[in-house]
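Q: Sending over a structure as structure tokens; questions will come in a sec.
The values are calculated or read from the model by the stated rules, or taken from the named source; none is laboratory data. Small disclaimer: the values here were computed from a predicted structure and weren't measured. When we count neighbours, we look across all protein chains shown, and the Cβ atoms used for this are built from the backbone with ideal geometry, even at glycine.
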Amino acid sequence: MQDTTTRPDADTLVRFAEGLADITDAMAMEYFRKPLDVEQKVDLSPVTQADRMIEAAMRDRITDRFPTHGILGEEHENARLDASHIWILDPIDGTKSFVSGMPTFGTLIACLADGQPDVGLISVPPLRERWTGRRGGPTMLNGTPCRISGCTSLAKATLYTTSPDTFDAPGLARFETLSQKVAMRRFGGDCYTYGLLSSGHVDLVFEMNLHPYDYMALIPVIEGAGGVITDWQGNPLTIGSDGRVLASSSHMLHEQALRAIA
């Protein structure tokens, strides 16, 4: 068990998050495209034994290494959310993709320090792609710095959302309004689209009904690559945000998108 009198620095947290992702990648691939028992949660979203076992393994590692740190995850009860450091975990982001054999699901890992996302990681094991971000540092894709496209015009932008089924009627209307102003819109991808935005292939991602475990890990990744991610009013995302997320490849593009959906 680690000495908890020492506050871990960002390098320590990044290395630990990458070690967690190494474990979760291997576990996810053991279950991927194999027969699975799929259950429905209260919100009708699917969950599998893989989701639960992967998160449990991450929690065990965190508690062993950082016993005073908090944990907020999708599949198990929250713990110590008043701690200075909180780990936010989504063992399989894109469970619908996972159970249907699509290789675009991923694991999301974030670590907040005093409420601010210090470290964020998106790992997509079937494609062997992993984005790692840290506050104030460059985003790395498999160890190499990556950058957003820098697109500054809606008319030239590529827009993604995971599924129009996630929107309520007002949200869908805003998505359709934004769609009419961009060069191209596409669907699918879950967390993978945010990695693609960070690497310069996607310019906008627009979603709603997300939870902290869906978006907190994205913040250091996108910002470290030069992008912008906020709620639909342009406010910074926090644990208490309403789950409406807009991510863009430049501040200018972000402002245009915010005006379009206002």
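Q: Kindly provide the set of residues from the stretch 60-89 that are over 17 Å from D118 (Cβ atoms), at pLDDT 90 or above and buried (at least 20 other Cβ atoms within 10 Å of the Cβ), ordered by number.
A: Correct list: G73 only.
Quick grid of which residues meet (1) at negative phi; (2) of a type in the set (A, V, I, L, M, F, W, C); (3) in contact with a Pro (Cβ under 6 Å, 6 or more places away or on another chain):
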residue: K181; (1), (2), (3): yes, no, no
residue: G189; (1), (2), (3): no, no, no
residue: E207; (1), (2), (3): yes, no, no
residue: V221; (1), (2), (3): yes, yes, no
residue: L246; (1), (2), (3): yes, yes, no
residue: Q256; (1), (2), (3): yes, no, no
residue: I261; (1), (2), (3): yes, yes, no
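Q: Pull up the stretch 170-185, narrow it to residues that are part of a helix (DSSP H, G or I) and of a type in the set (D, E, K, R), then point me to the one that is surrounded by the fewest Cβ atoms within 10 Å (Cβ to Cβ).
A: Out of the qualifying residues, it is E176.
Q: Still on this structure, I have one more. Looking at the stretch 114-151 only, could you name the residues that are closer than 25 Å to S84 by Cβ and among the acidic types (D, E)?
A: D114, D118
Q: Looking at W131, W87, can you tell me which residue is among the aromatic types (F, W, Y), in contact with a Lys or Arg (Cβ under 9 Å, 6 or more places away or on another chain) and closer than 19 Å to D11 by Cα?
A: Only one candidate qualifies: W87.
Q: Go through the stretch 206-262 residue by residue and tally those that are of a type in the set (S, T, N, Q) and part of a helix (DSSP H, G or I).
A: Qualifying residue count, the stretch 206-262: 1.
Q: Could you run through the stretch 186-236 and say how many residues are touching a Ser or Thr at 6+ places or on another chain (Cβ under 7 Å), small (G, A, S) and surrounded by fewer than 19 Cβ atoms within 10 Å (Cβ to Cβ)?
A: 2
Q: Further question: Out of all the residues in the stretch 126-137, is one or more modelled with pLDDT of 95 or more, acidic (D, E) and in the same structural domain as G101 (by TED's automatic domain parsing)?
A: Yes, there is a match, as at least one residue in the stretch 126-137 is modelled with pLDDT of 95 or more, acidic (D, E) and in the same structural domain as G101 (by TED's automatic domain parsing).
Q: Considering every residue within the stretch 34-45, establish whether at least one is under 21 Å from D22 (Cβ atoms) and not in a helix (DSSP H, G or I).
A: yes
Q: Moving on to the next point. What is the residue count in the stretch 100-115 for residues that are surrounded by fewer than 20 Cβ atoms within 10 Å (Cβ to Cβ) and either in contact (Cβ under 8 Å) with a residue 12 or more places away in the chain or on the phi > 0 side of the Ramachandran plot (or both)? If you could, list the steps in order and put the result at the bottom.
A: Kept after step one, since they are surrounded by fewer than 20 Cβ atoms within 10 Å (Cβ to Cβ), are these residues of the stretch 100-115: 100-103, 113-115.
Pick out the ones that are also either in contact (Cβ under 8 Å) with a residue 12 or more places away in the chain or on the phi > 0 side of the Ramachandran plot (or both) and you get 101-103, 113-115.
So the count comes out to 6.
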